[in-house]
1. Looking at segment 69-88 only, could you name the residues that are crowded, with 21+ Cβ neighbours inside 10 Å, of a type in the set (A, V, I, L, M) and free of Cβ contacts under 8 Å to residues at least 60 places away in the same chain?
2. Inside segment 133-155, can you point out the residues that are among the aromatic types (Phe, Trp, Tyr) and assigned to a strand (DSSP E or B)?
3. Being assigned to a helix (DSSP H, G or I) and under 12 Å from Pro53 (Cα atoms) is the filter; apply it to segment 11-33 and report the residue that is nearest to the chain's Cα centre (by Cα).
4. Check off (1) farther than 20 Å from Gln147 by Cα; (2) of a type in the set (Gly, Ala, Ser); (3) out of contact with any Asp or Glu (no Cβ under 7 Å at 6 or more places or on another chain) for Gly71 and give me the number that stays unchecked.
5. Is there any pair with a first residue in segment 42-65 that is among the β-branched types (Val, Ile, Thr) and a second that is assigned to a loop (DSSP other than H, G, I, E, B) and exposed (fewer than 15 other Cβ atoms within 10 Å of the Cβ) whose Cβ atoms are under 8 Å apart and which are 6 or more apart or on different chains, and what are they?
6. Hey, among the residues in segment 54-68 that are in a strand (DSSP E or B) and not charged (D, E, K, R), which one's surrounded by the most Cβ atoms within 10 Å (Cβ to Cβ)?
7. Regarding segment 8-18, can at least one residue be identified that is at pLDDT 95 or above and out of contact with any strand residue (DSSP E or B) (no Cβ under 6 Å at 6 or more places or on another chain)?
8. From the set of residues in segment 4-28 that are hydrophobic (A, V, I, L, M, F, W, C) and crowded, with 17+ Cβ neighbours inside 10 Å, which is nearest to Arg98 (Cα to Cα)?
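The values are calculated or read from the model by the stated rules, or taken from the named source; none is laboratory data. This structure is a prediction, so every number in the text was calculated from the model and none was measured. As a convention, Cβ positions derive from the backbone with ideal geometry for all residues, glycine included, and neighbour counts pool all protein chains shown.
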Amino acid sequence: MHVQIVDFSPVRVAALEHCGPPELVDESVNAFIQWRMQSGQSPVALSRSFGMPYGNPDTTPAHEFRFAICGEIRQAVTANEFNIRELTIPGGRYAVFRHTGSPDHIGETIYPIYRDWLPSSGEELRDQPLFFEYLSVYPETPKDQWQTDIYVPLR
């Protein structure tokens, strides 16, 4: 398992918060894509894309699951019909792990981080959710070839 410890600068993002069953996140992603295309505020070619789970989809009751779908912005989010709002992904120290393959299988990379790497690393978690930076874009890159960086917040 390759890990990098980085100092991440805060990032302003436009965010659509998905609330509900994890299997419906793609519907929220499609709404975010529509907003991105209509507003032009977070062009995918020039802006980083992120995801932030607020719980484990395997253990959180489906009706309580939350996931923020995010795109980097440089200006305030204007009022919109999609309920997109502005958030800041906090800066600070993070352990970064690369996941290659479909985001649907990202748990195969996350579980070993917490089960194996963290206990032997001497590091401590910071009290905030991990987040993903999507380095690939669908459909240009097939999902089985996607690359996603997983940022785990450290003290």
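1. Ile69, the sole residue that qualifies.
2. The answer is Tyr134, Tyr151.
3. Filtering first and then ranking leaves Val25.
4. (1)
5. From residues that are among the β-branched types (Val, Ile, Thr), the pairs are Val44/Val137.
6. Per the stated criteria, the residue is Phe67.
7. For segment 8-18, residues at pLDDT 95 or above and out of contact with any strand residue (DSSP E or B) (no Cβ under 6 Å at 6 or more places or on another chain): present.
8. Filtering segment 4-28 for residues hydrophobic (A, V, I, L, M, F, W, C) gives 5-6, 8, 11, 13-16, 19, 24-25.
Applying the additional criterion that residues be crowded, with 17+ Cβ neighbours inside 10 Å yields 11, 13-16, 25.
On the way: Val11: 19, Val13: 21, Ala14: 23, Ala15: 23, Leu16: 24, Val25: 21 Å.
Residue satisfying both the conditions and the ranking: Val11.
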